[in-house]
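Peer 1: The structure under discussion is supplied below as structure tokens; questions concerning it will follow.
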Amino acid sequence: MSKVSIIEVKTAGQLKQFVKFPMDLYKNNPYYVPSFIKDEMKIWDANENPAFHYSESKQFLAVKDSKVVGRIAVIINHKEEKELDIKKVRFGWIDFIDDTEVSKALIQTAIDYAKEHDINKIEGPMGFTNLDKAGMLTMGFDKLATMIGIYNHAYYPKHLENLGLVKEKEWVEYEMNFPKVLPEKVEKFSGLIAQKYKLSVLRFKSKEEILPYVEPMFKLLDETYKHLSTYTPISDEQIKTYKEKYFPFIDKNYVICVVDENQQLVSFAITMPSYSKALQKSKGKLFPFGWWHFLQAGKKNDRANFYLIGIHPEYQRRGVTAIIFKEIFVRFTSMGINFAETNPELEENKSVQLLWQDYNPVNHKRRRTYSMEVNK
């Protein structure tokens, strides 16, 4: 039997192999959605990724019979350790063929990295921060992935469990057939809540008008989720990076902002037309023709994805979501959106899951991170 070799990524060529491996592994898979190769390469550039200001990382390839058969990245987030007193090695970007020797070698690499740094826990798949892709798919292998969701084969979690890793955190995702008629209580409450708290919806005439609200949105995101045990605040450098990465895909009609009488942001929702099929057609490249597929997806699409939702703590449980959903209903109806899909939500975050209760949500995907205690 051929031996599996683990090679640390050190050259540009090896990094490209690391980035492109899942595209080869999932070639012709109808549910896998590739990332842009250029964006994935930037993740590992300390000059491009602000997370390197407080993190360290290495990437590895698994090779068997002179062929790349797996990959893994290991990360230590020192900000997480300092602010939350959580000391662990994060592992992510883990992909492998259906070969237990390969998955075992990759996980052993994460274990060895933890031991080298006197750390007694590994967890993954996850990225550098809360806004990176996280969670191995455990349900929904026959569902089209989203732009921000990890896709993996059904054998992945079985391999990790057989290696002794256990469930750490679980996320759920929901799909909804968007209603043809707005629920009566949403219609009623949206007006009452807006009047009671003197709230209004901003309607942007151009995408540029959204820019002054980008930073307040991220700050509001911090306020919304800071109570979660694993949440770390978003740095100014991260805000700048995410703005540059995702703003080109933003459509003003898919951004809903609710402000108070002083024009202060109290709630927002960022949705997008589904770009999954456009990404599949682009094959990881925006040029020469990828941009055309994205343009078409923005113009004609019956599916939308929820990406971020933020509500100031002072307005949570006060019915503000009724204002947001009325506005989403009006806009989605005018754009012919029939289906909506949520982003991954932590299983215990019931307050966010309650947002969808009036729309007959179907839990169609689940994902989790796996962890292991490491003996030093």
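The values are calculated or read from the model by the stated rules, or taken from the named source; none is laboratory data. Quick caveat: nothing in here was measured; it's all calculated off a predicted structure. Here the Cβ is made from the backbone with ideal geometry for all residues, glycine too, and neighbour counts use every protein chain on show. Keep in mind that these areas ignore ligands, DNA and RNA; they rest on the heavy atoms of the full protein, side chains included. Shrake-Rupley method; radii C 1.70, N 1.55, O 1.52, S 1.80 Å.
Peer 1: With respect to the numbered conditions (1) in contact with a Lys or Arg (Cβ under 7 Å, 6 or more places away or on another chain); (2) modelled with pLDDT under 90, which one is the sole condition not fulfilled by residue 189?
Peer 2: If we test residue 189 against (1) in contact with a Lys or Arg (Cβ under 7 Å, 6 or more places away or on another chain); (2) modelled with pLDDT under 90, just (1) comes out false.
Peer 1: Considering only residues of region 236-277 that are more than 20 Å from the chain's Cα centre (by Cα) and among the charged types (D, E, K, R), which is most open to solvent (accessible area, probe 1.4 Å)?
Peer 2: The selected residue is 261.
Peer 1: State which residue pairs qualify: first residue open to solvent by less than 50 Å² (accessible area, probe 1.4 Å) and inside region 160-179, second residue part of a loop (DSSP other than H, G, I, E, B) and aliphatic (A, V, I, L, M) in any location, beta carbons under 9 Å apart, and separation of 6 or more residues or different chains.
Peer 2: 169/126; 169/134; 171/134; 178/337
Peer 1: Can you give me the number of residues within region 180-210 that are β-branched (Val, Ile, Thr) and loosely packed, with under 13 Cβ neighbours inside 10 Å?
Peer 2: Counting residues in region 180-210 that are β-branched (Val, Ile, Thr) and loosely packed, with under 13 Cβ neighbours inside 10 Å gives 1.
Peer 1: Another one. So which strands (runs of 3 or more DSSP E) are wholly in region 71-164 and hold at least 3 residues that are within 18 Å of the chain's Cα centre (by Cα), under 17 Å from residue 52 (Cβ atoms) and assigned by the TED database to the domain that holds residue 30?
Peer 2: Answer list for region 71-164: 89-96.
Peer 1: Okay, moving on. Have a look at 278, 322, 269, 304 and point out the one that is outside any loop (DSSP other than H, G, I, E, B) and farther than 24 Å from residue 213 by Cα.
Peer 2: 278
Peer 1: Test each condition in (1) in contact (Cβ under 8 Å) with a residue 24 or more places away in the chain; (2) in a helix (DSSP H, G or I) for residue 42 and report the one that comes out false.
Peer 2: (1)
Peer 1: Is it true that residue 333 is closer than 30 Å to residue 125 by Cβ, of a type in the set (Ser, Thr, Tyr) and out of contact with any Leu (no Cβ under 8 Å at 6 or more places or on another chain)?
Peer 2: Judged against the criteria, residue 333 is not a match.
Peer 1: Looking only at region 88-142, count every residue that is of a type in the set (Asp, Glu), in contact with a helix residue (DSSP H, G or I) (Cβ under 7 Å, 6 or more places away or on another chain) and open to solvent by 40 Å² or more (accessible area, probe 1.4 Å) and tell me the total.
Peer 2: The number of residues fulfilling the criteria is 1.
Peer 1: So is residue 299 among the basic types (Lys, Arg), touching a Gly at 6+ places or on another chain (Cβ under 8 Å) and without any contact (Cβ under 8 Å) to a residue 60 or more places away in the chain or not?
Peer 2: no
Peer 1: So, in region 194-245, exactly how many residues are part of a helix (DSSP H, G or I) and out of contact with any Gly (no Cβ under 7 Å at 6 or more places or on another chain)?
Peer 2: Here the count works out to 29.
Peer 1: Has region 358-366 got any residue that is among the acidic types (Asp, Glu), open to solvent by 40 Å² or more (accessible area, probe 1.4 Å) and under 22 Å from residue 322 (Cα atoms)?
Peer 2: Yes.
Peer 1: Return the residue satisfying two criteria in turn: it lies in region 45-73 and is aliphatic (A, V, I, L, M) and at pLDDT below 95, and of such residues it is most open to solvent (accessible area, probe 1.4 Å).
Peer 2: Out of the qualifying residues, it is 46.
Peer 1: Can you pull out the residues in region 342-376 that are farther than 18 Å from residue 231 by Cα and free of Cβ contacts under 8 Å to residues at least 40 places away in the same chain?
Peer 2: Those that are farther than 18 Å from residue 231 by Cα and free of Cβ contacts under 8 Å to residues at least 40 places away in the same chain: 354, 357.
Peer 1: Give the residues of region 211-235 that are touching a strand residue (DSSP E or B) at 6+ places or on another chain (Cβ under 6 Å) and open to solvent by less than 20 Å² (accessible area, probe 1.4 Å), sorted by residue number.
Peer 2: Scanning region 211-235 gives 217, 220, 221, 224.
Peer 1: Among the numbered criteria (1) aliphatic (A, V, I, L, M); (2) open to solvent by 40 Å² or more (accessible area, probe 1.4 Å); (3) not in a helix (DSSP H, G or I), which single criterion is violated by residue 354?
Peer 2: With respect to (1) aliphatic (A, V, I, L, M); (2) open to solvent by 40 Å² or more (accessible area, probe 1.4 Å); (3) not in a helix (DSSP H, G or I), residue 354 is out only on (3).
Peer 1: I need every pair where a residue in region 237-250 that is without any contact (Cβ under 8 Å) to a residue 60 or more places away in the chain and assigned by the TED database to the domain that holds residue 297 has its Cβ under 6 Å from the Cβ of a residue that is part of a helix (DSSP H, G or I) and among the aromatic types (Phe, Trp, Tyr), sequence separation at least 6 or different chains.
Peer 2: Close Cβ pairs satisfying both conditions: 239/218.
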